Amino acid sequence: MTFNELYANYYSKALLFVKSYTNDVSEAEDIVSESIITVWEKLDESRQDRLLPFLFTVLRNKCLDYLKSQRVKTTVKNESNEDFLSDLDLRIMALNDTTEEKVFSTEINEIIKKTLDSLPRKTREIFNFNRESGKTYSEIARIYGISEKSVAYHISKALKALREALNDYLPYLLLFISYDFF
């Protein structure tokens with residue numbers, strides 16, 4: 001993998017992930033760029049198959065460093081914005097509690113499966129036809145004898161259910177899941 005491929009494949013997803021913790025676009029861009037450079041410099045054949053977990057670890061650690069430095073700066077400046085400090089503490093705790101094992105666990109797949117299983121049969125089938133079989137809305141509409149708008153409704157319903165069920169995992173999913181339903 002070339003540096004340009006690494007950058008092209010992961011920059012925008014990594015930026016969304018980091019931005020969800022830093023709440024600062026400029027700082028997120030810096031963290032992601034530094035992280036991709038770090039990964040590239042340390043990437044070797046033995047780590048190629050562990051690229052995503054390695055990238056996640058670097059991004060997570062750089063985010064934690066940034067958030068902790070923001071905490072210290074705010075405390076040193078003696079700014080008494082308790083809401084800001086509480087928000088920082090929550091973001092730090094969330095990142096501290098997140099490990100690659102949690103992100104890459106079967107728990108996410110389990111949630112997806114349960115959520116899809118909980119949907120009405122027709123909605124689940126239409127969603128699967130579109131996402132797993134790659135059928136277009138018009139192909140699905142012909143199979144079921146319904147309009148393309150009805151197909152769009154069923155897919156939208158499935159996506160909404162998945163977003164709600166995976167809400168706590170969204171920052172990680174944006175970075176790591178290759179499934180295309182967000």
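Every number here is computed from the coordinates shown, using simple stated rules; none is lab data. Note that this is a predicted model, so its numbers are computed, not measured. Virtual Cβ from ideal backbone geometry, glycine too; neighbours counted across all protein chains shown.
Worth pointing out:
- 15 Å beta-carbon shell around TYR144, net charge (K/R +1, D/E -1): +4
- Tail beyond 13 Å, pair distance distribution of segment 24-76 (Cα, percent): 62
- Structure note, pairs LYS62/LYS114; LYS42/LYS68; LYS13/LYS135; LYS42/LYS114; LYS113/LYS135; LYS68/LYS157: Cα-Cα distances above 31 angstrom occur for LYS62/LYS114; LYS42/LYS114; LYS68/LYS157.
- 20 Å tail of the calculated P(r), segment 3-99, as % of Cα pairs: 40
- Cα-projected label distance for ASN61 with SER138, points at 7 Å along beta-carbon direction, nm: 5.2
- Between ALA94 and ASP44, the distance separating the two model label sites (each 7 Å from Cα on the Cα→Cβ line) works out to 3.6 nm.
- Spin-label pair ASN23-ASN167: with each label point 7 Å from Cα along the Cα-Cβ axis, the two points sit 1.8 nm from one another.
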